[in-house]
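The values are calculated or read from the model by the stated rules, or taken from the named source; none is laboratory data. Just so it is clear, the structure is predicted and the values come from calculations on it, not from any experiment. Positions of Cβ are backbone-derived with ideal geometry, glycine not excepted, and every protein chain shown enters the neighbour counts. SASA here: full protein model, heavy atoms, side chains in, ligands and nucleic acids out. Shrake-Rupley method; radii C 1.70, N 1.55, O 1.52, S 1.80 Å.
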Amino acid sequence: MTIAHHPSDETLLRLAAGTLGAGPALVVAVHLEGCAACRERLAGLEAVGGAILHEMPPAPLSADLFGRTMERLEGMPPTPVQDRVPKRQPALGIDLPRAMRRCDVGPWRWLGPGFKWSKVGIAGDPEAKVMLLKCRAGLHLPAHGHTGLEFMQVLSGSLSDERGQYFPGDLDEADDQVDHRPVVGQDSDCVCLAALEGDTRLHGWLGRLLRPIVGF
């Protein structure tokens, strides 16, 4: 499998720094499972970050820092222990990536002719906007734009838009400057994992119909 589309350096930097949201981080984690080149890039960025921290001069701490920290910890509610057992997930007809084993994945829901979606829940971030999309071969998806970044990883099949073609393993980042109408390849259905920062701007009557259903 040849991967032609990868997360940007900025996205990998955010992942390395721990500032990438849970939804986009899940999509990137799925990409990293199959992309040795991006795993190497991420390791390099993490090494650079570690070296920068190592070279920073130590900052003096106030004498009462430990006591104030303990007071804050005592006043915080207990953190729930996350279940380390993989979630029981519905039969979707696909093999989910390892990174999704502890996600709450809903059943397929109808969106339109040849178009289904499944809500993906991430523990600790109920507001994450993450979904699986399943589209029939040859389908033209609704025209749309974004108010923030959209991260989309192709799991099976293929699709294309004005910017290129995307096959299994490819990750596309579409920012608020992108307005597009992806088209699914003719050879097979396409399944993608998508996460949003911001909202989707769906155009036309179909967009107005789908927005209340998906909520993104």
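Some notes on this structure:
- Ranked order, Trp110, Trp117 - accessible area, probe 1.4 Å, largest first: Trp110, Trp117
- Calculated from backbone phi, Karplus (6.51, -1.76, 1.60) coupling profile of the stretch 23-39 in Hz, x at Gly/Pro: x, x, 4, 5, 4, 5, 4, 5, 4, 5, 4, x, 10, 5, 5, 6, 4
- Computed extension length for Ala4-Arg68: 18.0 nm, one decimal, from 0.36 nm per residue of separation with the Cα-Cα distance subtracted.
- Efficiency of FRET from Cβ geometry, Asp187 and Ala123, R₀ 35 Å, rounded to 0.05: 0.45
- Global form of the stretch 90-148, assessed from the alpha-carbon gyration tensor, a/c cut-off 1.5: oblate
- C-alpha center-to-center spacing [the stretch 93-107, the stretch 157-183] in angstrom: 22 Å
- For the stretch 155-164, putting each phi into the Karplus relation 6.51 cos²θ - 1.76 cosθ + 1.60 with θ = phi - 60° gives couplings of 9, 7, x, 7, 8, 8, 8, 4, 9, x Hz, in residue order, rounded to whole numbers and with x for Gly and Pro.
- Sequence-ordered 3J(HN,Hα) estimates for the stretch 96-106 from the Karplus curve with 6.51, -1.76 and 1.60 and θ = phi - 60° stand at 6, x, 4, 4, 9, 5, 9, 8, 8, 10, x Hz, glycine and proline given as x.
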